[in-house]
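Working notes, beginning with the structure itself.
All of the numbers you see were taken from the coordinates with simple rules; none came from a lab. Since we're looking at a predicted model, the values are computed, not measured. Quick reminder, even Gly has a Cβ in these numbers, built from the backbone with ideal geometry, and neighbours come from all protein chains shown.
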Amino acid sequence: MDPLHDSAVAIATAVNRGEMSAADVAETVIPHVARIDAQVDAYLQLTPELMRAQARRVDARIAAGERLPLAGVPVAIKDNMCLDGTRTTAGSKILGNFVAPYTATAVQRLLDAGALPIGKTNLDEFAMGSSGENSAFKKTRNPYDLERVPGGSSAGSAASVGAFAATLSLGSDTGGSIREPAAFCNVVGFKPTYGRVSRYGLIAFASSLDQIGPFARSVEDAALAYDAIAGKDPLDATSIDRAAEPTAANLPRDLRGVRVGIVKEFDTAGLGTSIDTCYRNAYDELAALGAELVEVSLPTAKYGLATYYLIAPAECSSNLARFDGVRYGLRVDGADVGEMYERTRAAGFGPEVKRRILIGTYALSSGYYDAYYLKAQKARTRIAEDFARAFELCDVIASPAASSPAFGFNAKSDPVAMYLMDYYTIPVSLAGLPSLSVPCGAVVPEDGTRAMPMGLQLASPLFTERALLGYAHAYEQATRHADKLRPVTEGAR
Amino acid sequence: MLVMASDRIDIRHVARLARLALSDAEIATFAPQLANLLSFVDELTELDTANVAATAQVVPSRNVERADALRPETLLSHDAALANAPQTQGGYFRVPRILAEDI
């Protein structure tokens with residue numbers, strides 16, 4: 001068993017059988033991750049002592065006869081999730097010295113299932129961005145081309161798994177922050193239905209959209225992680241109170257009888273010939289597996305970006321009001337408390353966060369609320385209704401996960417150009433649907449020479465995670481696109 | 001006549017509402033970017049939302065109530081609750097003056 005490259009399923013099986021101890025997994029992984037991360041910068045912080053201590057606990061539980069679904073599986077945690085006693089920054093200077101006093105539910109459930117925490121991963125500040133470049137601390141590189149971005153906002157969570165510097169990771173997705181970086185880094189990224197995974201201990205960005213989900217190098221591994229973290233949590237009132245059926249067992253091998261919706265308005269021809277060819281090929285592959293391709297229409301999906309860029313900043317401006325220099329985080333002194341607030345927030349937040357706070361504050365302010373925020377909430381209703389109508393004709397919708405393969409650093413200086421990367425993921429998020437990105441091929445970018453990974457987004461009706469993971473598994477096992485590319489990082493494989 | 005978004009948003013006023021000090025350089029950068037974004041979201045005016053209910057959150061939800069009792073698993077000790085504070089005094093968070101002295 002090779003804990004650096006094997007699947008989570010294989011590692012957990014070997015550790016449960018006593019073929020390898022969790023302690024041996026940790027000692028193999030710790031130096032390897034440090035070597036890879038020197039090239040990729042996926043991590044803001046490595047936690048080798050926590051990893052060793054957790055490995056000892058796991059080995060003791062196995063010795064006592066327990067069997068754990070993630071026994072000894074090395075995992076990375078996006079640094080907007082609390083892990084008791086560790087620095088948790090959300091990629092922001094305003095939380096640069098914040099030490100979490102408790103552990104997020106999703107993280108705790110991973111640990112309870114036997115996973116070993118490698119460290120905390122880099123992200124766009126407060127999960128706001130599509131490239132990772134908005135981190136206040138460092139630039140994470142794409143493991144398939146170090147001169148390109150890994151995507152965002154879950155930049156390090158995608159890059160660590162893509163670079164074989166983690167077996168699984170947790171990310172969070174508000175408008176595409178799991179699916180887009182998964183596509184860029186040749187991994188599976190899964191955003192469950194809104195509410196399936198507790199947000200307790202996740203630093204809030206846009207509370208009606210935020211959802212935690214896993215990254216993995218296979219759909220089966222993503223399902224295993226999802227099964228560990230999903231379910232009602234009394235500490236998150238919005239978490240869903242319905243049984244989450246296990247998804248990882250008995251995943252299907254074909255798509256016979258499955259109706260796959262191809263969205264009329266998501267014509268890929270405008271994305272360029274090579275991208276268009278990649279997605280047409282992916283749709284053909286779905287058909288070859290027995291799926292029936294049906295055209296569906298989402299006439300209001302084109303309003304998704306505008307809707308999102310009112311709702312998400314509005315919620316962000318409210319959520320980020322708590323960072324005021326009083327109870328935690330940075331403080332910059334002022335003559336009175338108001339000046340202290342203003343200076344603290346000026347020094348602590350980066351430009352993208354400031355832009356979103358300003359837009360959100362404006363959209364919620366007196367005289368503009370109806371025209372912007374309320375209008376956007378009504379548009380959200382229409383977008384969700386379009387999906388519901390489409391699902392009368394199909395079981396799952398297939399589309400691009402992102403508008404392009406990974407781009408170079410500093411390539412998107414205009415904020416709106418960056419926002420357009422999430423054209424296909426945002427309407428799905430507004431509707432709250434479960435959705436994932438699975439590798440579907442490679443494209444040589446117009447400004448590059450190296451083939452970069454591409455992701456196929458699949459989205460299905462609310463609460464149909466098991467079916468969705470099944471479709472993705474069947475596609476992945478038949479096509480094996482991820483295996484056709486190798487990271488450029490040394491020692492990756 | 002086209003009303004420019006930059007004429008609609010008073011960035012200094014909005015920054016005050018958001019308790020955010022902005023430098024002149026930031027105002028010069030953000031003003032056209034925010035104007036551009038507002039023009040972009042203006043396309044929503046094309047979308048008919050008459051008689052459409054607003055969606056705050058997509059998944060059906062209801063009020064969640066619980067007994068008014070301590071939950072030991074979420075209790076922070078006094079020290080832990082203060083551990084991240086920039087300034088404390090006598091077991092409290094310390095902040096700069098809130099009221100002017102002559103009030």
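Taking θ as phi - 60° and the Karplus parameters 6.51, -1.76 and 1.60, the scalar couplings of segment B:19-32 work out to 6, 10, 6, 10, 7, 4, 5, 5, 4, 5, 7, 6, 4, x Hz in sequence order, x denoting glycine and proline. At q = 0.16 Å⁻¹, work out log10 I(q)/I(0) for segment A:171-320 with the Debye formula, treating every Cα as an identical point scatterer and leaving solvent out; two decimals please. Reported log10 I(q)/I(0), two decimals: -1.16. Among A:Cys440, A:Cys185, A:Cys316, A:Cys278, the order by Cβ neighbours within 10 angstrom, fewest to most, reads A:Cys278, A:Cys316, A:Cys440, A:Cys185.
First check a/c for the protein assembly as shown, with a ≥ b ≥ c the square roots of the eigenvalues of its C-alpha gyration tensor; if it is under 1.5, answer rounded, and if not, answer prolate when a/b is larger than b/c or oblate otherwise. Note, shape of the protein assembly as shown comes out oblate.
Ranking of A:Glu265, A:Glu180 by neighbouring Cβ atoms within 10 Å, starting from the fewest: A:Glu265, A:Glu180. Here the 3J(HN,Hα) profile of segment A:248-255, calculated from phi with Karplus coefficients 6.51, -1.76 and 1.60 at θ = phi - 60°, is 6, 8, 6, 5, x, 10, 9, 10 Hz, Gly and Pro shown as x. When the charge dipole of segment A:71-177 is built from unit charges on Cβ atoms (+1 for Lys and Arg, -1 for Asp and Glu) and taken about the Cα centre, the candidate among A:Leu110, A:Ala166, A:Val99 whose Cα reaches farthest toward its positive end is A:Val99. Would you mind checking the pairs A:Lys120/A:Lys484; A:Lys138/A:Lys412; A:Lys93/A:Lys120 and listing those with alpha carbons more than 20 angstrom apart? Cα-Cα > 20 Å for A:Lys120/A:Lys484; rest within.
Note on A:Lys375: aspartates and glutamates with a C-alpha under 12 Å away, same-chain residues under 8 apart excluded, are B:Asp42, B:Glu43, B:Glu46, B:Asp48.
Computed over the alpha-carbon atoms, segment A:1-149 gives an Rg to Rh ratio of 0.99, Rh here being the Kirkwood radius from the mean inverse distance. Taking amide H atoms as placed 1.01 Å from N in the peptide plane, the amide H of A:Glu265 lies under 5 Å from those of A:Leu298, each 5 or more residues away in sequence or on another chain. The charge dipole of chain A, taken about the Cα centre with unit charges on the Cβ atoms of Lys, Arg (+1) and Asp, Glu (-1), comes to about 460 debye, rounded to the nearest 20. Averaging the Cα positions of each part gives two centres, and for segment A:399-433 and segment A:337-367 these lie 24 Å apart.
Taking 0.36 nm per residue of separation and subtracting the Cα-Cα distance, full extension of the segment from B:Asn63 to B:His13 would add 14.4 nm.
Think of the protein assembly as shown as having a plus end and a minus end, set by charges on the Cβ of Lys, Arg, Asp and Glu; of A:Ala451, A:Phe215, A:Ser399, A:Phe215 sits farthest toward the positive end of this dipole.
For A:Gly132, the amide hydrogen comes within under 5 Å of the amide hydrogens of A:Asp124, A:Gly152, counting only partners 5 or more places away or on other chains and with H modelled in the peptide plane.
A simple rule links phi to the HN-Hα coupling: the Karplus curve 6.51 cos²θ - 1.76 cosθ + 1.60 with θ = phi - 60°, which for segment A:435-442 gives 6, 8, 10, 10, x, 9, x, 9 Hz, with x for Gly and Pro. Hull volume per residue, based on the alpha-carbon atoms of chain B and their convex hull, is 317 Å³. Run through the DSSP bridge list for the protein assembly as shown and note the antiparallel percent, rounded to the nearest 5. In the protein assembly as shown, approximately 65 percent of DSSP beta bridges are antiparallel ones. Straight Cα distances below 27 angstrom link A:Lys378 to the lysines A:Lys191, A:Lys264, A:Lys302, A:Lys354, with same-chain residues fewer than 8 positions distant left out. Put simply, the amide H of A:Gly119, placed in the peptide plane, has neighbours under 5 Å in A:Thr47, A:Ile77, leaving out anything fewer than 5 places away on its chain. Between segment A:1-61 and segment A:435-476, what is the C-alpha centre distance in whole Å? Taking the Cα centre of segment A:435-476 as reference, the centre of segment A:1-61 is 27 Å away.
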